[in-house]
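Values quoted throughout were computed directly from the atomic coordinates according to the rules given, and no laboratory measurement underlies them. Bear in mind the structure is a predicted one, so any value in this text is a computation, not a measurement. Glycine gets a Cβ as well: all are built from the backbone with ideal geometry, and neighbour counts include every protein chain shown.
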């Protein structure tokens with residue numbers, strides 16, 4: 001269970017299992033064991049999302065003012081030609097919220113070739129003085145709006161600036177208890193990925209992590225960019241390969257040459273490290289897709305602009321959605337009190353046994369105030385807001 005001072009472990013453990021844990025991991029995807037997913041689609045979808053229904057870690061409203069840097073260049077970005085494609089699940093690993101597969105038309109845009117790195121985020125912080133969500137103390141007055149009425153306030157020792165850090169176990173564990181490999185670590189943030197005694201020095205070219213949706217939006221505003229829509233993200237990830245499972249095609253993620261940073265072996269205790277890394281990898285470590293985009297599968301989850309709605313795709317059936325912006329509000333039936341945003345791409349923890357997040361159609365969800373050791377983002381820029389490289 002999470003390692004915290006005093007007797008708070010027992011308290012947190014009970015809160016965690018009852019979906020009331022003050023953590024930043026609403027999408028605790030790594031415990032999602034999709035049992036019988038090839039024979040019972042409804043059951044598999046429920047199983048896959050069952051352990052993502054954990055409230056976020058709200059903080060007081062951010063009073064910082066982020067002003068655009070005025071940059072309109074496309075340096076470090078890739079031109080995405082846009083076009084028509086079929087959006088949604090491609091194989092029997094797909095979950096209910098990936099269906100129905102539907103026609104989408106997306107206009108051209110520019111996209112960051114890599115996930116935003118520590119070096120890039122450092123420039124943003126230096127210019128603005130921005131403080132991330134993970135660096136702030138959770139606000140109980142905000143938190144209690146997301147949990148069931150009457151929930152008791154947790155100890156003050158829990159309501160501290162912290163974030164969730166992955167901890168590899170010593171041996172096999174049951175995958176229905178995520179507290180065995182996620183640690184609520186005080187002092188963990190983008191500058192200290194594993195806690196206050198750690199550092200990101202020397203990892204300037206690694207993706208910035210412990211980033212909430214609000215943090216990503218603030219960076220985008222400063223950079224003169226925006227987060228991609230879910231449709232833009234999937235079109236870009238597919239790289240012009242229609243109806244393929246992965247950004248590189250249909251060859252399995254663990255076959256042949258390493259193609260992405262994922263969990264190879266038995267989660268969460270044995271990683272064969274065939275891709276060279278246990279946790280995050282630096283940018284451009286693996287081959288890009290056909291559009292020239294790196295790490296559209298694995299490494300860290302990436303925020304999209306859209307609200308998450310489990311039934312959103314059904315509203316687009318039998319139409320061609322033109323530049324869809326996502327649903328007008330969040331709809332996660334498994335956690336109705338919490339607003340959710342979409343994440344895409346998977347992370348270094350993804351494995352076919354529970355997540356398969358590296359599939360181009362795989363959808364994930366989390367509260368916008370959530371971030372953890374495998375959460376980052378990349379930006380896009382509209383064609384009419386860009387100048388040539």
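Sorting 143-149, 368-374, 130-136 by their mean Cβ neighbour count within 10 Å, with the most densely packed peptide first, gives 368-374, 130-136, 143-149. Taking 0.692 mPa s as the viscosity and 37 °C as the temperature, the Stokes-Einstein diffusion coefficient of the stretch 252-389 based on its alpha-carbon Kirkwood radius rounds to 197 µm²/s.
Any idea what the relative contact order of the stretch 278-337 is, in percent, if you count C-alpha pairs under 8 Å spaced at least 6 apart?
Once normalised by length, the contact order is 29 percent.
Computed from the Cα positions only, the extents of the stretch 110-245 along the three principal axes stand at 49, 40, 37 Å, in decreasing order.
If you sort the three axes of the alpha carbon gyration tensor as a ≥ b ≥ c, you get a/c of 1.5 or more for the stretch 289-355 and a/b no higher than b/c, which makes it oblate. Per residue, the average separation of C-alpha pairs within less than 8 Å and at least 6 apart gives the stretch 253-389 a relative contact order of 25 percent. Here the calculated FRET efficiency for residue 317 and residue 284, from their Cβ-Cβ distance with R0 = 30 Å, stands at 0.20, rounded to the nearest 0.05. Efficiency by 1/(1 + (r/R0)^6): what FRET value for residue 92 and residue 328, r their Cβ-Cβ distance, R0 = 22 Å, to the nearest 0.05? Given R0 = 22 Å and the Cβ-Cβ separation, E is 0.10. Take the stretch 227-317, drop everything but the C-alpha atoms, weight them equally and run the Debye formula without solvent; then report log10 I(q)/I(0) at 0.18, 0.26 Å⁻¹ to two decimals. Log10 I(q)/I(0), no solvent term: -0.91, -1.34. Projecting label points 7 angstrom from Cα along Cα→Cβ for residue 160 and residue 274 puts them 4.1 nm apart.
Ordered from longest to shortest, the equivalent ellipsoid semi-axes for the stretch 108-183 are 30, 23, 15 Å, each the square root of 5 times a Cα gyration tensor eigenvalue.
Note on residue 243/residue 177: beta-carbon distance plugged into 1/(1 + (r/R0)^6) with R0 of 35 Å gives a FRET efficiency of 0.45.
The fraction of Cα-Cα pairs per 5 angstrom bin, counted from 0 for the stretch 168-247, comes to 3, 11, 12, 13, 16, 17, 16, 9, 2, 0 percent, rounded to whole percents. The distance between label points at residue 382 and residue 68 comes to 0.9 nm (points 7 Å beyond Cα on the Cα→Cβ vector). The percentage of C-alpha pairs in the stretch 65-131 whose separation is greater than 15 Å is 71%.
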